[in-house]
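Participant: Have a look at the structure that comes next, please.
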Amino acid sequence: MSRRAHRDIAVLIGTRPEAIKLMPVVRALEEAGAAPGVHLTGQHRELLGPILADLGLVPAEDLGVMRPGQSLAELSARLLTGVQGLLRRRRPGALVVQGDTTSAAMGALAGFYEGVPVAHVEAGLRTGVARNPFPEEMNRRLVACVADLHFAPTPRAAENLRAEGVRPESIHVVGNTVVDALFHARDRLLPRLPPDPALEPLLRSPRPLVLVTAHRRESFGADLLSIAEGLKRLARSFAGRIDVVYPVHLNPHVDSPMREALAGVAGIHLCPPLSYLRFVQLLLRARIVVTDSGGVQEEASALGIPFLCARRASERLEAVEAGVGEMTGPDAGALFAAAARLLEDEAAYARRAAPTTAFGDGRAGERIAAVLLGDAR
Ligand code: UD1
Ligand code: UDP
């Protein structure tokens, strides 16, 4: 890919984490003098709006692929043809996709079909289990097959790619851009954020805050209910001593059962998804985090906030090895026991509460921009 071609870069964003994790790339490209085009697929809308505003991302267009109740196949088909149309109209020199959503996978495939070079940010994450997480494990394997440039967040991710036969020269270990976004939010954006009266009591409460997120497709049904049961036990057993805060994902398979299971439980505060800056504000105040989110695990790791991973398989074992993360799975008893230990045992907590740079040092965006613009040394 020529240096000139790389200056005309299209950045594809489908969901909340893609916006957060691509913002540092867009910023670094702009700082290097390029003018990347930001294109939304429309996979997320309500979740994305406040985040784009927080991050100052101005999209050039929105492909509007979402339909109520559509299947993954229908979503994929709309994405494939939608991104194809975008690439035919714009003919960018490169297409940047991030992570393992269906927007990223179909975007990359459309790039491949159209002969537009594809750069994959957060490449090489694997659990090795085809259906866990579903459909993300297969989405990211697909992107690896068609991408021309692979930006691996960690050495392990790069090793995963090499083991699959990806050309070593096309792999760059750069760190995860989520750390860039987090530090930028904490150090530059939060100091200017006016207080939100709804969150102030939680931010000022002397009680330890347990911050929760859960949304994975493979957990729909029994596993989500088990996570809810673990949270209920925690809230009852630490009644009056902790605040559990859970911004509930808008996916109806998450929102309805979790609200039914947890609404009205004393000590558990359910709220709609938060804007990025409000979420980071709570995260910075959190004593522990309970999550099945990829991005939230990385953020908690960078800040040294001990977290419990409510999933059966993880592609982010670096956090567990560093000690800050613990795999409990969705089992109610295991979640409750691990959380209670962290809340009661100061020494155990202190051993876990160390920030790690395992996922990055906050400079991934500039490294990616340098490679994309052909300036990498
Ligand atoms: C999607 C990604 C997942 C990623 C997650 C991040 C796929 C298949 N899933 O999961 O990999 O980890 O985003 O959050 O790519 N909804 C809204 N408004 C929104 C967003 C979602 O109403 O802004 C509701 C809609 O009813 C929608 C449903 O959530 O149909 C599911 O959205 P979808 O993007 O298919 O899956 P997510 O669970 O959000
Ligand atoms: N996040 C947010 N508001 C919320 C919950 C999470 O802005 O109410 C952010 C969080 O800081 C992280 C990202 O969303 O950067 C994670 O997205 P999500 O859990 O949806 O997806 P995943 O990382 O699991 O793909």
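Participant: Which order do the peptides 334-340, 50-56, 20-26, 204-210 take when ranked by the mean count of other beta-carbon atoms within 10 Å per residue, highest first? Numbers along the way, then the final one.
Facilitator: Working: 334-340: 20.4, 50-56: 18.0, 20-26: 27.1, 204-210: 14.7.
So the order, starting with the most tightly packed, is 20-26, 334-340, 50-56, 204-210.
Participant: Taking the Cα centre of region 1-151 as origin and charging only Cβ (+1 Lys, Arg; -1 Asp, Glu), how large is the dipole, in debye to the nearest 20?
Facilitator: Roughly 320 debye, rounded to the nearest 20.
Participant: Can you give the extra length, in nm with one decimal, that the chain gains between residue 317 and residue 266 once fully stretched, where that is 0.36 nm per residue apart less the Cα-Cα distance?
Facilitator: Numbers: separation 51, 0.36 × 51 = 18.36 nm, distance 3.34 nm.
In short, 15.0 nm is gained.
Participant: Not counting ligands, DNA or RNA, and with a 1.4 Å probe, what is residue 112's accessible surface area in Å² rounded to the nearest 10?
Facilitator: Approximately 120 Å² for this residue.
Participant: Another question, if that's okay. Give me the three principal axis extents of region 78-125 from the C-alpha atoms, as integers in angstrom, largest value leading.
Facilitator: Projected onto the principal axes, the Cα atoms of region 78-125 cover 31, 23, 13 Å.
Participant: Taking a 1.4 Å probe, which of 274, 48, 225 shows the most accessible area, and what order do the others take after it? Mind dumping the intermediate values first?
Facilitator: Working: 274 35, 48 0, 225 90 Å².
These residues rank, largest area first, as 225, 274, 48.
Participant: Roll a 1.4 Å probe over the protein chains and send me the accessible area per residue for the chain in Å².
Facilitator: On the way: 14990 Å² over 377 residues.
About 40 Å² of surface per residue is accessible.
Participant: Given N residues in the chain, what is Rg(Cα) / (2.2 N^0.38 Å)?
Facilitator: Details: Rg = 20.1 Å, N = 377, 2.2 N^0.38 = 21.0 Å.
Normalised Cα radius of gyration, the chain: 0.96.
Participant: Students sometimes get this wrong: rank 215, 269 by accessible area, probe 1.4 Å, all chains present, largest first.
Facilitator: Details: 215 45, 269 70 Å².
Listed by decreasing accessible area, they come as 269, 215.
Participant: How large is the Rg to Rh ratio of region 338-377 when both quantities use alpha carbon positions and Rh follows Kirkwood?
Facilitator: Details: Rg = 18.4 Å, Rh = 13.1 Å.
Taking Rh as the inverse mean 1/r over Cα pairs, Rg/Rh reads 1.40.
Participant: How large a share of the accessible area of the chain, in percent, is made up of carbon and sulfur atoms when the probe is 1.4 Å and the other protein chains stay in place?
Facilitator: Numbers: 8000 of 14990 Å².
Roughly 53 percent, rounded to a whole number.
Participant: May I pose another question? Rounded, prolate or oblate: which one fits region 123-189, using the alpha carbon gyration tensor with axes a ≥ b ≥ c (rounded when a/c is under 1.5, else prolate when a/b beats b/c, else oblate)? Show your work: numbers first, answer last.
Facilitator: On the way: a/c = 2.51, a/b = 1.53, b/c = 1.64.
Verdict is oblate for region 123-189.
Participant: Binned at 10 Å from 0, what are the whole-percent values of the Cα-Cα distance distribution for region 1-141, short to long?
Facilitator: 12, 44, 36, 8, 0
Participant: Taking the 0 to 90 degree range and rounding to the nearest ten, how far is the long axis of helix 136-146 tilted relative to the main principal axis of the chain, both from C-alpha atoms?
Facilitator: 20
Participant: If you place +1 on the Cβ of every Lys and Arg, -1 on the Cβ of every Asp and Glu, and leave all else neutral, what size is the dipole of the chain about its Cα centre, to the nearest 20 Debye?
Facilitator: Details: 44 positive and 42 negative charges, 47 e Å.
In total the dipole reaches around 220 debye.
Participant: Over the chain, what relative contact order in percent results from Cα pairs under 8 Å that are six or more residues apart? Please list the in-between numbers first.
Facilitator: Details: 743 pairs, mean separation 63.6, N = 377.
About 17 percent, as a whole number.
Participant: On the full set of protein chains, 1.4 Å probe, figure out the accessible area of residue 276 and give it in Å² to the nearest 10.
Facilitator: Spelled out: residue 276, probe radius 1.4 Å, area about 10 Å².
Participant: Additional query: What order do 169, 229, 315 take when sorted by accessible area (1.4 Å probe), most exposed first?
Facilitator: Working: 169 120, 229 70, 315 15 Å².
Greatest to least solvent exposure: 169, 229, 315.
Participant: Also, I was wondering about something else. Find which of 82, 170, 153 sits farthest along the positive direction of the dipole of the chain, computed with +1 on the beta-carbon of Lys and Arg, -1 on that of Asp and Glu, about the Cα centre.
Facilitator: Towards the positive end, the residue furthest out is 82.
Participant: Using a ≥ b ≥ c from the Cα gyration tensor of region 225-346 (square roots of the eigenvalues), is it rounded, prolate or oblate, where a/c under 1.5 gives rounded and otherwise the larger of a/b and b/c decides, a/b for prolate? If you can, show how the numbers build up before the last one.
Facilitator: Details: a/c = 1.34, a/b = 1.18, b/c = 1.13.
Cα axes put region 225-346 in the rounded bin.
The values are calculated or read from the model by the stated rules, or taken from the named source; none is laboratory data. Nothing here was measured: the structure is a model prediction, and the numbers come from that model. As a convention, Cβ positions derive from the backbone with ideal geometry for all residues, glycine included, and neighbour counts pool all protein chains shown. The accessibility values were calculated without ligands, DNA or RNA, using every heavy atom of the protein model including side chains. Shrake-Rupley method; radii C 1.70, N 1.55, O 1.52, S 1.80 Å.
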